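Visitor: This is the structure I have questions about; it appears just below.
What follows is calculated from the coordinates using simple rules that are stated; it is not laboratory data. This one's a predicted model, so the numbers in the text were calculated from it and none came from an experiment. So basically every Cβ, Gly included, is an ideal-geometry build from the backbone, and we count neighbours across all protein chains shown.
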Amino acid sequence: MTDLENLSEVELDVLKELGNIGTGHAATSLSKLLNKDVFLSVPKVKIGEIKNLSSEFIGEVVAGVIIALQDLEEKRSGYLYIMFPEKSARKIAGDLFGLEELDEEMYASTIMEVGNILSSSFCDASADFMDIILLPSPPNFAVDVPTAVIDSVVSQMARKSDHIILFETSLSSDSDIEIYLAMLPEPCLLDDMMKILGQL
Amino acid sequence: MSSSILFVSNERGKVIFLTSRDVLVKSFCSLSNTCSFQDSCRSCDMVDAAKSHLMGTRSNLNIKNLDGELSAGIGEYKIGKNVLLKVMGLGSCIGVILSDVSTGLCGIAHVLLPGASNNGETKYAETAIEKMFEDMVKMGARKNRITAKFAGGAQVFKHMNLDILKIGDRNAISVEETLIKRNIPILAKDVGGEVGRNVIFNPADGSMIVKYTKGEVLWL
């Protein structure tokens with residue numbers, strides 16, 4: 001199994017490319033959905049120690065959507081973590097409905113659906129361009145500070161390793177919409193990627 | 001002193017002020033739930049007392065200086081004497097505090113997983129508590145005077161279909177069982193719920209400050 005602490009440059013690049021293609025397509029979907037231009041930041045791949053994780057995320061309360069990714073053999077490949085800062089989340093939900101105020105249930109399910117669309121296009125892209133099949137789970141939703149939302153996922157990964165790979169990027173649109181996207185791959189996703197690369 | 005941490009108390013309430021260059025930058029106040037200024041702390045007798053203390057004048061309120069702060073990352077623990085201890089952004093994780101009032105030694109652990117580790121990893125509840133306990137004893141804490149407080153283990157998800165996300169309860173149970181097994185008295189706890197927490201320990205009066213990420217503050 002791939003060792004997270006000592007990933008090679010090639011492995012990191014492949015991971016970055018997967019994230020790039022995935023978020024590129026997610027950005028296109030978001031742009032269509034909102035009917036606005038969406039900008040993509042230069043993505044970063046980091047290998048970090050779990051104990052320092054809290055410094056990786058923004059400090060404000062976010063609407064967080066977590067989607068688990070599986071491969072065809074139902075092995076867990078990793079997680080997508082989509083963070084909408086509260087103001088952006090309200091704005092997106094409001095814009096989609098053309099309303100200023102939404103009731104909480106409607107708001108939550110709208111943001112989950114946006115998360116769903118983003119993750120589906122992410123997975124589509126990874127299958128189309130890299131032949132890596134990722135099946136997204138239904139979205140899980142919470143509103144809290146980013147570490148509080150993600151720590152139960154991190155605890156799963158911490159059983160195997162003290163390190164975590166974090167692929168991070170952000171999407172933004174003209175007027176005060178910002179979305180942060182992170183992918184936390186499991187070691188087996190890296191194994192799969194390397195296998196596919198080996199066949200090329 | 002460019003930055004210091006003050007603990008101010010009177011008969012009505014208690015507050016921790018974090019200061020930088022003699023300006024109050026942050027506060028954790030036991031009255032903040034009823035205070036009209038909330039976190040901004042414009043002016044009250046506590047604020048005035050802290051400010052005059054920073055200017056070097058005495059005030060009639062009870063003021064103590066703390067020697068800095070320590071923050072434990074995920075799966076770590078930190079031990080100190082007369083320092084403010086913090087764990088921030090707890091969702092399903094738990095902040096466990098052990099303290100010995102007689103020597104002033106105290107520690108905080110940021111527990112990530114229930115159960116014990118085979119190779120001493122402190123992200124597991126049982127291992128973290130036992131190691132922190134032993135370290136404190138080595139540093140001079142008295143075994144039978146150590147008491148515990150803990151908070152965390154929330155279930156922040158409103159909509160959820162992954163069972164692995166339900167780890168908060170198991171963490172809380174594991175922490176409690178370990179403390180009971182070790183005969184460490186539990187003085188306070190605040191677990192469960194749907195909101196994330198920041199847990200802070202004030203060694204000056206032994207209280208655990210639980211600041212919910214949505215604003216509410218508890219002094220336990």
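Visitor: Take the Cα atoms of region B:3-66, find their three principal axes, and give me the spread along each one in whole Å, biggest first.
Guide: Cα extents, longest axis first: 29, 23, 19 Å.
Visitor: Over all directions, what mean area does the Cα convex hull of region A:1-107 project, stated in square nanometres?
Guide: 9.3
Visitor: Another question, if that's okay. Just to be sure I understand: with springs between alpha-carbon atoms less than 10 Å apart, which residue in B:L84, B:L24, B:L165 has the highest mean-square fluctuation in the Gaussian network model of chain B?
Guide: It is B:L165.
Visitor: Is region A:157-200 best put as rounded, prolate or oblate by its Cα gyration tensor, with a ≥ b ≥ c the root eigenvalues, rounded for a/c under 1.5, and otherwise prolate when a/b is larger than b/c, oblate when not?
Guide: Oblate, since a/c reaches 1.5 and b/c is not below a/b.
Visitor: Tell me the Kirkwood hydrodynamic radius of chain A in angstroms, computed as one over the mean inverse distance between distinct C-alpha pairs.
Guide: 17.0
Visitor: Additional query: At 7 Å along Cα-to-Cβ for each site, give me the label-to-label distance between A:K160 and B:I164 in nm.
Guide: Modelled inter-label distance: 0.8 nm.
Visitor: OK, next. Find the relative contact order for chain A and round it to a whole percent, using C-alpha pairs within less than 8 Å whose residues are 6+ positions apart.
Guide: Averaging sequence separation for qualifying contacts and normalising by length gives 36 percent for chain A.
Visitor: Based on the Kirkwood radius over alpha-carbon pairs, what value in µm²/s does the Stokes-Einstein equation return for the translational diffusion coefficient of region A:1-51 at 20 °C and 1.002 mPa s?
Guide: So the translational diffusion coefficient is about 166 µm²/s.
Visitor: Sticking with this structure for a sec: Measure nothing fancy, just the Cα-based angle from helix A:104-130's long axis to the longest principal axis of chain A, in degrees from 0 to 90, nearest 10.
Guide: So the inclination is approximately 40 degrees.
Visitor: Using the beta-carbon distance between A:Q199 and A:E9 and R0 = 22 Å, what value does 1/(1 + (r/R0)^6) give for FRET efficiency, to the nearest 0.05?
Guide: For R0 = 22 Å, the calculated efficiency reads 0.65.
Visitor: Taking Cα atoms, how many degrees apart are the long axis of helix B:168-181 and the longest axis of chain B, rounded to 10 and kept between 0 and 90?
Guide: 90
Visitor: Could I have the simple spin-label model distance between B:V137 and A:K87, label points 7 Å from Cα toward Cβ, reported in nm to one decimal?
Guide: In this crude spin-label approximation the distance works out to 5.2 nm.
Visitor: A further question follows. Within 10 Å of each Cβ in A:154-165, how many Cβ atoms from other chains are there, averaged over the peptide?
Guide: 4
Visitor: Another one. Once the Cα gyration tensor of region B:134-220 is diagonalised, what are the square roots of 5 times its eigenvalues, in whole Å and ordered largest first, as equivalent ellipsoid semi-axes?
Guide: The equivalent ellipsoid of region B:134-220 has semi-axes of 27, 17, 9 Å.
Visitor: Please report, in whole Å, how far the alpha carbons of chain B spread along each principal axis, starting with the longest.
Guide: Computed over the Cα atoms, the extents are 54, 45, 29 Å.
Visitor: Straight-line reach only, C-alpha to C-alpha below 24 angstrom: list the lysines that B:K214 could link to, leaving out same-chain residues fewer than 8 apart.
Guide: A:K51, A:K87, A:K91, B:K14, B:K26, B:K86, B:K149, B:K158, B:K166, B:K189
Visitor: While we're here: If we count other beta carbons within 10 Å of each Cβ, what is the order of A:S161, B:S20, fewest first?
Guide: In order of increasing Cβ crowding within 10 Å: B:S20, A:S161.
Visitor: Among A:93-105, B:204-216, how do they line up from the highest to the lowest mean number of other beta-carbon atoms within 10 Å?
Guide: Most protected by this proxy first, the peptides run B:204-216, A:93-105.
Visitor: Roughly what angle does helix A:9-34 make with the longest principal axis of chain A, taking Cα atoms, 0 to 90 degrees, to the nearest 10?
Guide: 20
Visitor: What is the log10 of I(q)/I(0) for region B:65-153, computed with the Debye formula using one identical point scatterer on each Cα and no solvent, at q = 0.12, 0.13, 0.19 Å⁻¹?
Guide: These q points yield log10 I(q)/I(0) values of -0.32, -0.37, -0.79.
Visitor: With a 10 Å Cβ neighbour count serving as the proxy for reagent exposure, in which order, fewest first, do B:T57, A:T169, B:T19 appear?
Guide: With the fewest neighbours first, B:T57, A:T169, B:T19 line up as B:T57, B:T19, A:T169.
Visitor: Per-residue HN-Hα couplings for region B:29-35, Karplus 6.51 cos²θ - 1.76 cosθ + 1.60 at θ = phi - 60°, whole Hz, x for Gly and Pro?
Guide: Once rounded to whole Hz, the list reads 10, 6, 9, 4, 5, 10, 8.
Visitor: Treat the count of other C-beta atoms within 10 Å as a stand-in for reagent exposure and order A:V153, B:V96, A:V42 from fewest to most.
Guide: A:V42, A:V153, B:V96
Visitor: Per the helix-only calculation at 222 nm, which mean residue ellipticity applies to chain A, given -39500 (n - 2.57) for every DSSP H run of n ≥ 4 and division by its residues, nearest 500 deg cm²/dmol?
Guide: Result for chain A, helices only: -15500 deg cm²/dmol.
Visitor: Take the Cα radius of gyration of region A:79-132 and divide it by 2.2 N^0.38 Å, with N its residue count; two decimals is plenty.
Guide: Computed over Cα atoms of region A:79-132, the ratio equals 1.35.
Visitor: State the extension gain, in nm to one decimal, for the chain segment bounded by B:D205 and B:D22, taking 0.36 nm per residue of separation less the distance between their alpha-carbons.
Guide: Between B:D205 and B:D22, full extension yields an extra 63.6 nm.
Visitor: Looking at the calculated P(r) for the protein assembly as shown, what percent of the C-alpha pair distances fall above 43 Å?
Guide: 18
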